[in-house]
Amino acid sequence: MSAMQISHTSPDVSTLWLRVFLDVARHGSFTRAARDLSLTQSAVSRQVASLEAAFGGAPLFDREARGVRLTAHGRTLLPYAETVVSQLAGAGRALAELDEVHGGTLRLGAFATADAGLVPRALAAFRERHPGVTVTREEGLTPRLLARVAEGALDVAVVSTTGGALTDAAACDLSHLLDEALYVAVPAGHPLAGRAEVGLAELADEDWVSGSAQAEGTLLDAALRHGFRPRVAHVVAEWTAKLGYVAAGLGVTLVPTLAAGAARPDLALVRVRDEGAPARAVYAATPRGRAAPPSLGPFLTALREALPGLAATGRTGSGRAGSGRAGSGLTTASGRPSGTRRARRRPA
């Protein structure tokens, strides 16, 4: 290959060479470029020579008495050099914004009930503090969300457990958020509507509205532990529809703390007496062994800050949120050792 023959392969080019080339082209002088870049004139000449060699050896500048002027090769290279240097500067700004939580993307997943109150509250606070971060969200059941976290498709997912071991979380770190209490939703005229709390066994003869015909793996799993198999009269997946069936007198349904705020005014929520383990635990699942985006920590903080007062949006049997002996129906992570822990319940 001759000195004037330019290779069509991608050359190995130092960004310093490009910056020096652009500075010389802007000033039309090696001397002024050297002063601007705090380099010696000989160092500037070496950088330009190295760039010329990388592109086949053709001169990029004509040396004249009062400075230098771009050659045809220099004029051709100029817009490409400007683009490369500009793109690298943009990458540096984007990375700085990411580290400062002024930009980037957070990929979030959540199970449906968490979207009733917890996730929207956390998102609102997070967006107010970090408006430059793009948040993408997907909804799903806990096993699917855990798989998405494990494969690196989600940065964080709010997941829940009901009744047994969380067996699909081996590749995830689980940060405990809260233990949920249960309420039973009954029509306003139901005999239990004025009660502050009720034992689950007292509901053995009720018709139930549930998301599954089987109690196993659902909130109704608690009934099995209390010695009866609930009679599921209507299988309804969506919370608004479930509560509509209850309001029409077609059955009763169990409502966890996170969904209590969605209760209709023509229903009563009666606290189910906690006679054993909490009905459901909620966790934030993150990928194990992967570098987390800088926005993850602030979002987890927003999640925890959104926990207090969630149960207070619901209505209990006496007509006041959190009244009677039921309390708030919420045990947050602050009530137990913080940090990552293993779940002991089955996904819901």
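For (1) in contact with a His (Cβ under 9 Å, 6 or more places away or on another chain); (2) over 18 Å from LEU310 (Cα atoms); (3) surrounded by 13 or more Cβ atoms within 10 Å (Cβ to Cβ), each residue gets a yes or a no:
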position: ALA204; (1), (2), (3): yes, yes, yes
position: HIS234; (1), (2), (3): no, yes, yes
position: GLY244; (1), (2), (3): no, yes, yes
position: LEU258; (1), (2), (3): no, no, yes
position: GLY261; (1), (2), (3): no, no, yes
position: ASP266; (1), (2), (3): no, yes, yes
position: ARG273; (1), (2), (3): no, yes, yes
>> Kindly evaluate VAL101 against the criterion of being open to solvent by 30 Å² or more (accessible area, probe 1.4 Å), touching a residue at least 60 places away in the same chain (Cβ under 8 Å), out of contact with any strand residue (DSSP E or B) (no Cβ under 8 Å at 6 or more places or on another chain) and β-branched (Val, Ile, Thr).
In response: no
> From the list PRO59, PRO131, which residue is surrounded by fewer than 20 Cβ atoms within 10 Å (Cβ to Cβ), assigned to a loop (DSSP other than H, G, I, E, B) and in contact with a Ser or Thr (Cβ under 6 Å, 6 or more places away or on another chain)?
Replying inline: PRO59
> Any idea how many residues of segment 186-197 are farther than 17 Å from ASP274 by Cβ and part of a strand (DSSP E or B)?
Replying inline: 2
> Just to be sure, is ARG107 part of a strand (DSSP E or B), buried (at least 18 other Cβ atoms within 10 Å of the Cβ) and of a type in the set (Lys, Arg)?
Replying inline: yes
> So which pairs qualify, if the first residue must be in segment 69-87 and outside any helix (DSSP H, G or I), the second must be of a type in the set (Gly, Ala, Ser) and open to solvent by less than 80 Å² (accessible area, probe 1.4 Å), the Cβ gap must be under 7 Å, and the two must be at least 6 apart or on different chains?
Replying inline: ARG69/GLY28; LEU70/ALA25
>> For segment 167-182: of the residues being open to solvent by 20 Å² or more (accessible area, probe 1.4 Å) and part of a loop (DSSP other than H, G, I, E, B), which is modelled with the highest pLDDT?
In response: ALA171
> What number goes with the only condition from (1) out of contact with any helix residue (DSSP H, G or I) (no Cβ under 6 Å at 6 or more places or on another chain); (2) closer than 26 Å to ASP115 by Cα that THR257 does not pass?
Replying inline: (1)
> Restricted to segment 207-227, and to residues that are of a type in the set (Ser, Thr, Tyr) and part of a loop (DSSP other than H, G, I, E, B), which residue is nearest to ASP274 (Cα to Cα)?
Replying inline: THR218
>> Could you go through segment 112-125 and let me know if any residue there is within 30 Å of GLU52 (Cβ to Cβ), open to solvent by less than 20 Å² (accessible area, probe 1.4 Å), touching a residue at least 60 places away in the same chain (Cβ under 8 Å) and in a helix (DSSP H, G or I).
In response: no
> Given the conditions (1) at pLDDT 95 or above; (2) open to solvent by 70 Å² or more (accessible area, probe 1.4 Å), which single one is not true for ALA157?
Replying inline: (2)
>> Of all residues being of a type in the set (Ser, Thr, Tyr) and out of contact with any Phe, Trp or Tyr (no Cβ under 8 Å at 6 or more places or on another chain) in segment 15-56, which is most open to solvent (accessible area, probe 1.4 Å)? Just the residue, please.
In response: SER38
>> Residue under question is ARG69, and the condition is that it be in contact with a strand residue (DSSP E or B) (Cβ under 8 Å, 6 or more places away or on another chain), surrounded by fewer than 15 Cβ atoms within 10 Å (Cβ to Cβ) and either modelled with pLDDT of 95 or more or of a type in the set (Lys, Arg) (or both); does it hold?
In response: yes
>> Given (1) modelled with pLDDT under 90; (2) assigned to a helix (DSSP H, G or I), identify the lone condition not met by PRO298.
In response: (1)
> In segment 80-105, which residues are closer than 22 Å to ARG290 by Cβ, of a type outside the set (Gly, Ala, Ser) and touching a helix residue (DSSP H, G or I) at 6+ places or on another chain (Cβ under 6 Å)?
Replying inline: VAL101
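The values are calculated or read from the model by the stated rules, or taken from the named source; none is laboratory data. Values in this document were obtained by computation on a predicted structure and should not be read as measured data. Positions of Cβ are generated from backbone atoms using ideal geometry, with glycine treated the same way; all protein chains shown enter the neighbour counts. Only protein heavy atoms, including side chains, enter the accessible area calculation; ligands, DNA and RNA are left aside. Shrake-Rupley method; radii C 1.70, N 1.55, O 1.52, S 1.80 Å.
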